[in-house]
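Asker: Here it is, the structure in full.
The values are calculated or read from the model by the stated rules, or taken from the named source; none is laboratory data. Here the structure is a predicted model, which means the values were calculated and not measured. Here the Cβ is made from the backbone with ideal geometry for all residues, glycine too, and neighbour counts use every protein chain on show. Heads up: the accessible areas ignore ligands, DNA and RNA and are worked out on the full protein's heavy atoms, side chains in. Shrake-Rupley method; radii C 1.70, N 1.55, O 1.52, S 1.80 Å.
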Amino acid sequence: MLNVQDVHKTFFAGTVNERVALNGVILTVNPGDFVTVIGSNGAGKSTLLNTVSGTIIPDSGRIMVGDRDVTRLPEHRKATWISRVFQDPMKGSSPTLSIEQNMAIAQRRGRSRGLARGVTRARRHEFEQELKTLELGLEHRLGAKVGLLSGGQRQALSLLMATFSAPEILLLDEHTAALDPQRAQHVTEITERIVNERHLTTLMVTHNMDQALRLGNRLIMMHEGRILFELDAQQKAEATVADLLAEFRKLQAATGEPTLDDATLLETARSAEPAGAPSRGAPAHGAPTGGSSAPGVSPEGH
Ligand SMILES: Nc1ncnc2c1ncn2[C@@H]1O[C@H](COP(=O)(O)OP(=O)(O)OP(=O)(O)O)[C@@H](O)[C@H]1O
């Protein structure tokens, strides 16, 4: 379980460049929950993931993984419990090592340091079985250098490696955003399967509204460092991309600032329903989150 308790983070506090990135985030992700995270530009989505993973230490508040207080632990100390897949397919694996060497390291992650000396036949067989599930033919290329793989193959491998050690928390940071639509779709399907099969407790940031609605059992929308509203599984099932876009537009009207960046518009254009399609009755005013500092979806409250 992940428990984010009233976390605040301000960059360059007290200077002209001050940026409030997290402004009292309260979030409980229960075991097996798959929470998708959307939000306006600079809403604090990445900073939230960074504070959970340990890349950034919050100014105040607490982050608990199970009953451990991990607020001030650096990233490498959290690696046993928290895994992350980044947007950049180049980040999750070592290009100069083979697929099996990368997998061997991933398997040992958080347990001991250094490169596994050799890969036993049993482990190789295990790796092959794991790779088969990706349906990319990588099980036949265990000795190939990872640098030779395509972005999509590499991202699928990163995802597999990130989930190898059965992390208590899986963080997905726009992990399909850099892929072309077809590969993004494939990695999305793999994500859904792995998370479900392994019952992983997952937090996924995405600019793709369709993906945010289709995947997971909860959705949160962030704005200005807070969780503005949350949809539960039922509400998510009933909501449409058009409903989510309407929420962004409401925010834009209230703040006078653009809330949708190019990445979101592009991703959304790919997946949005035809203009004028009837809403499936989305809870346009999503349920207030259990601990959200925002009273509901209404931007007027901010
Ligand atoms: N390392 C940093 N140094 C200074 N300011 C930062 C840093 N990281 C984030 N910020 C600022 O904190 C705020 C939140 O940024 P963050 O990247 O978390 O938002 P986001 O929701 O992920 O945005 P986007 O969807 O546009 O990537 C922004 O104003 C951003 O400029």
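Asker: Report the calculated FRET efficiency for N41 and H125 (r = Cβ-Cβ distance, R0 = 30 Å), to the nearest 0.05. Can you show the working numbers first?
Answerer: On the way: r = 47 Å, r/R0 = 1.55.
Computed FRET efficiency for N41 and H125: 0.05.
Asker: For the stretch 1-141, evaluate the Debye formula with one uniform point scatterer on each Cα (no solvent term) and list log10 I(q)/I(0) at q = 0.12, 0.14, 0.18, 0.22 Å⁻¹, rounded to two decimals.
Answerer: After summing over all Cα pairs, the log10 values are -0.65, -0.82, -1.10, -1.34.
Asker: Apply the Karplus parameterisation 6.51 cos²θ - 1.76 cosθ + 1.60, with θ equal to phi minus 60°, to every residue of the stretch 235-252 and state each ³J(HN,Hα) to the nearest whole Hz, in sequence, with x for glycine and proline.
Answerer: Along the stretch 235-252, the couplings run 5, 5, 5, 8, 7, 10, 4, 4, 5, 5, 4, 4, 5, 4, 5, 4, 4, 4 Hz.
Asker: From largest accessible area down, sort D67, D33, D210, D88; use a 1.4 Å probe on the protein chains. Could you put the intermediate results ahead of the total?
Answerer: Numbers: D67 135, D33 15, D210 40, D88 65 Å².
Of D67, D33, D210, D88, the descending order of accessible area is D67, D88, D210, D33.
Asker: Heavy-atom accessible area of K145 with all protein chains present, probe 1.4 Å, nearest 10 Å²?
Answerer: 100 Å²
Asker: With a 1.4 Å probe and all protein chains kept in place, how do F11, F164 rank by accessible area, largest first?
Answerer: Details: F11 65, F164 30 Å².
The most accessible residue leads, giving F11, F164.
Asker: Where does the Debye-calculated log10 I(q)/I(0) of the stretch 17-81 sit at q = 0.12, 0.23 Å⁻¹, using only Cα point scatterers of equal weight, no solvent?
Answerer: -0.32, -1.15
Asker: If you don't mind, another one. Which value results for Rg/Rh of the stretch 145-258 when Rg is the Cα radius of gyration and Rh the Kirkwood radius based on the inverse mean 1/r?
Answerer: Details: Rg = 15.7 Å, Rh = 15.6 Å.
Taking Rh as the inverse mean 1/r over Cα pairs, Rg/Rh reads 1.01.
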